[in-house]
Every structure is written in C-alpha cells, then in structure tokens.
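Presented below is the structure to which this report refers.
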Amino acid sequence: EHEVEKMFTLKPGRLPQADVKNVIFFVRPKLELMDIITDNVLREDRGRSPQRDFHILFVPRRSLLCEQWLKEQGVLGSFIHREQYSLDLIPFDGDLLSMESESAFKECYLESDQTSLYHAAKGLMTLQALYGTIPQIFGKGECARHVANMMIRMKREFPGSQNSIFPVFDTLLLLDRNVDLLTPLATQLTYEGLIDEIYGIQNTYVKLPPEKFAPKKQGEGKDLPTEPKKLQLNSAEELYAEIRDKNFNAVGSVLSKKAKIISAAFEERHHAKTVGEIKQFVSQLPHMQAARSSLANHTSIAELIKDITTSEDFFDNLTVEQEFMSGIDTDKVNNYIEDCIAQKHPLIKILRLVCLQSVCNSGLKQKVLDHYKREILQTYGYEHILTLNNLEKAGLLKPQTSGRNNYPTIRKTLRLWMDDVNEQNPNDISYVYSGYAPLSVRLAQLLARPGWRSIEEVLKMLPGPHFEERQQLPTGLQKKRQHGENRVTLVFFLGGVTYAEIAALRFLSQMEDGGTEYVIATTKLINGTSWIKSLMEKLEPPPF
C-alpha cells in the first residue's frame, strides 16, 4: 500500500540491487548491527544515478551510542532521517503479547540495566490508552516494583493520559522471572512446549526436518527435500488451537479422532446425489482440504516428537527432573548428572539440570557446588567459568546461604507437586509438566481466589517485594459486574515466559468455575535452552 518495493534481511556486503530512491534500515539499537549498516553504506556505489537516500529507524528507540558509533565510522551524515519506531508489545496470538527482547533477563539481573523495564512500562501505557486504565495492579519482584513505579510516574507526568475508555482489564499482575526460576528449567510436556524444546519456535514459526513432510509418491526415493519445512503455529489453525496446550500424551487420541471425522467427511461425496447436495459438498471442500493437510502436518510433528520422548535418554532426564521437583535427593551430587558430564552431553542440558537441582534446594552445599563446577570446567573447558559466574549472579546456581532449604515449604503450601496427575482430562495446571504446577501460574491462580493474603508467609520466602496499587477510574467507568461475567487479568512476565506456563493460564481461563480470563504479556517467549543460552558468555578464541 505504501509502495515498498522489496524487503531484505540485514547482512554485510553490498545492498541488493533495487530501482528505488529511498532505503530504510529498521534495526534494534545494537552496535554489531551498526557495523553491518556501515559496511552497506560504504559499499554503496556513489557514482550511480539516481543516488539512493538512506534513512534509519531504531526499534523501539534511538540510541546515542549507536549514532555516535555511526559518526565515528563516518557514515552518520548519509542518513537523511534518523527516527525511532516505538514497537513495544507485539501481538503473537489472541491472548499473547511479547516484546521479543531476548536480552531482557540478562540486562535486568546481571547488568542492572533497566531499559527493557522502561519499554515494558511504555507498552503498558499504550495498552491502557487503547483499552482503558487498569484499576488494580498487583506485583511480585524487584522488576515488577520498578515497572509499576514507572507506570504511576508516567501517568502523573502526562495528566492528559486520563482516558474515558471503559476498561477491558480488571487486573494487571506483574511477575518477575526470578520469583520463579524453576519453571523454565524443567522440560515442558505440552505439545507446543515440546515443539519449542526440541525444534525451537521463532516468532511463531518452526523449522522441522523435511523428510517427514515429503509427499509420498511411488518409486521416487531419490529427491528428498533438503530445505527444512517451515510452519507457522498459531490459533488461526483450528486443529493446532485445540491440541497446542494439551499434555503430549493426550495428543495422539485427538489426532486419531480427527482423522476418522475427516475421512468420513470425504466419504460423503459418494452419497451426494442431487445437484444441491453436490454443490453443498463442493462448498465445503476448501475447508476440508485445509483440515486434512493440517492433520497430516501435526501427525508428522507428533511422530517426530514421539521418537524423542520415547527415547531412554529423554526418560532418564525427565525422571531426574521430577525427582528434584518433588524434593528427592536434592542435596547431594546426582549420579545421572555425573554420567552425562562424563559422556559429554550438550553443556546446556547439564546446566539446566544442575540449576534445577540448585533451585529445588534453595542453593547447593558448597562441597556439592564445587564438585559440579570442577567437573563442568574440566570437561567442557575453563572458558565456561564466566557462564557459571553469570548463573550464580542470576540466582540459578548458587551456594546455600541461609543454611536451610525453603523449597519444601513453598512446594507444600503452593501445592507445586501433584502425585495423581490426569494428563488426558486435567483438573489442575500441573498437567503441563506431568506433576509440577508452575509456581508463577499458581501465584496468579491464588491471587484470583482466595487472594494473596492467604499465602503471605510463602510470598516472603520468594525474592522481591509484593505489592498492590489501585488506579482511580474517572466516574462512570467503574465496572458493575454482571452475574456470571468473567474478570480479565493481564499477566506480564518480566524476563520471559514458557509455552507451558501460557498453556496453564489458558487452562485456568477455560475452567468452568474459574471466573477469570487471562491475557499474557512478556518480554520474551523462552524455554530452558534459549534462556540459559542468553546467560552464557561467548569467549572469542585469541586471534593468533
């Protein structure tokens, strides 16, 4: 509509040929990207006519550091417009918003850089401008406190922001990721969670091994596709919306039921006699064909996942996780972890397990911690000492300081471990990890009913302050709740959220007697692997 000729991904070298007058760079304000842009600009052929004009748009805001850098490289003058585009919260689904800021957790907890919290507050102000002031704010954690303070301050500084829109949200719940460090470390066991754990979902797209998706034709064995199969995953696809949040063990039966329904629908064509009936059948064809291809895709994905979840290694790993989460042997060196290190399993897998043990034991005894550190450094290399240091700073892998383990008290009071979990027809959020109920979501559930006063003692054991703020609504906008009308709560995870937690909140939204619907916002969609990776230090080998 706006006459954009082409869109390219930013990469070093010459800019692609295109017959245009204006070239606009859309970038995050990061120095390594400024080097690529500098390279692009310097390689531009100045002799060509007409000359192309350059513009730069920083997302979500301009950075003096980046502009200074471009100036030192001698290219700042080449940009006619230098602007910012404030894209804070990006809608990913009907009930899900993300800032997609992968470094937010590291910045907040390791570098004491609160820029991402400012953007979170800005994003929430924009949301309130569109959907009305949120009357109640609850929060837990240092970052949550900062965001709430900034929101209150922004509201005070822009008195014009008093809007007269009827509020959509009743409550905002701000949660720090470090209030619940346990959940992302455990392996997610929902369908969507497992796709993310195994293949990684990037901005709702997943890349899968192509062999499973090759059209089955007779006698053509040689030309198998080599490009990974790229699929988009969101609620717009009917089947996916139905199975994404189920425990993986409950997905197979849904898929086989669907297959029967679809083949029965295609059989209908033999019974269509009159022109009207045939016309009716033809009108339903596109929908049926879409349903059939969707079913084929998800059957293939489920087979891929099943190959992994039925492997011995997956089972052993999960057994150890579940022992830690239910409080078994968290205070001594674990044999399985030692074996994995000796066999040089992927380092991230080891770090996830060791951190999980540390969190489930409120820190490890110095002797146990030193043993793990020594084994990891001797096997994987001493450069990882910086990563271990980061994990300690973030509170993931630390010595037990207070001399006592609070986790069992927290586990029992919040019912974080459920022995009799029903994966097929769940009655509790613990189905998303087959036994473990995500602490973060349990806090949201208890806030709705009976309220946080009932768990004051446990809240004090978790890091950071908990608080409540009320925002005055202009008269006439106070909600009079109709009987049976649900409250709407926006849960904002500062530092990232996993798909399993999202599934658990959706489960609470759908509960018959729940009375609360949840919308989820976060700084980034994460899983244990991408989260630990963001805390790892990459050491460059010396150039000589």
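The values are calculated or read from the model by the stated rules, or taken from the named source; none is laboratory data. Worth saying up front: this structure is predicted, and the values here are computed from it rather than measured. Cβ atoms come from the backbone with ideal geometry, glycine included; neighbour counts cover every protein chain shown. All accessible areas refer to the heavy atoms of the entire protein, side chains included, with ligands and DNA or RNA removed. Shrake-Rupley method; radii C 1.70, N 1.55, O 1.52, S 1.80 Å.
Things to note:
- By the equivalent-ellipsoid construction on the alpha carbon gyration tensor, the range 485-543 comes out with semi-axes of 36, 10, 5 Å, ordered largest to smallest.
- Note on R48 and S112: with the Förster distance fixed at 60 Å, the Cβ-Cβ geometry gives a FRET efficiency of about 0.80.
- Filtered chymotrypsin sites (Phe, Trp or Tyr not before Pro), the range 48-156: DSSP coil and at most 13 other beta carbons within 10 Å: Y85
- Computed on the range 313-405, with alpha-carbon pairs under 8 angstrom and 6+ residues apart, the relative contact order is 31 percent.
- On a per residue basis, the range 22-84 carries 56 Å² of accessible surface, using protein heavy atoms and a 1.4 Å probe.
- Cα-Cα pairs of the range 1-47 separated by more than 17 Å (percent): 36
- Using all pairs of distinct alpha-carbon atoms, the Kirkwood hydrodynamic radius of the range 437-515 works out to 14.8 angstrom.
- Diffusion constant of the chain at 25 °C, which comes from Stokes-Einstein with the Kirkwood Cα-pair radius and 0.890 mPa s, µm²/s: 93
- Overall, the range 313-405 carries a charge dipole of about 400 debye about its Cα centre when +1 sits on the Cβ of Lys and Arg and -1 on the Cβ of Asp and Glu, all other atoms neutral.
- A cut-off under 15 angstrom between Cβ atoms defines the neighbours of R43, and their net charge, with Lys, Arg +1 and Asp, Glu -1, is +1.
- Expressed as a whole percent, the accessible surface of the chain that belongs to carbon and sulfur atoms is 53, based on a 1.4 Å probe.
- q = 0.08, 0.16, 0.20, 0.21 Å⁻¹: log10 I(q)/I(0) that the Debye formula gives for the range 27-175, counting C-alpha atoms only: -0.32, -0.96, -1.25, -1.33
- Separation of alpha-carbon centers, the range 321-395 and the range 396-455, rounded to whole Å: 22
- Distance between the range 88-117 and the range 491-517 - C-alpha centres, whole angstrom: 18
- Applying Stokes-Einstein at 10 °C and 1.306 mPa s to the Kirkwood radius of the range 22-84, computed over alpha-carbon pairs, gives a translational diffusion coefficient of 135 µm² s⁻¹.
- The gain in end-to-end length when the Q289 to K260 segment is fully stretched comes to 9.0 nm, 0.36 nm per residue minus the alpha carbon separation.
- Euclidean distance of C-alpha centroids, the range 244-294 and the range 458-477, integer Å: 48
- Sparse-neighbour loop sites [trypsin sites (Lys or Arg not before Pro); the range 256-358; at most 13 other C-beta within 10 Å; DSSP]: K273, K332, K344
- The alpha carbon radius of gyration of the range 227-310, expressed as a multiple of 2.2 N^0.38 Å, is 1.30.
- Quotient of Cα Rg and 2.2 N^0.38 Å for the range 313-405, N being how many residues it contains: 1.00
- Rolling a 1.4 Å probe across the protein heavy atoms gives the range 223-331 an accessible surface of 60 Å² per residue.
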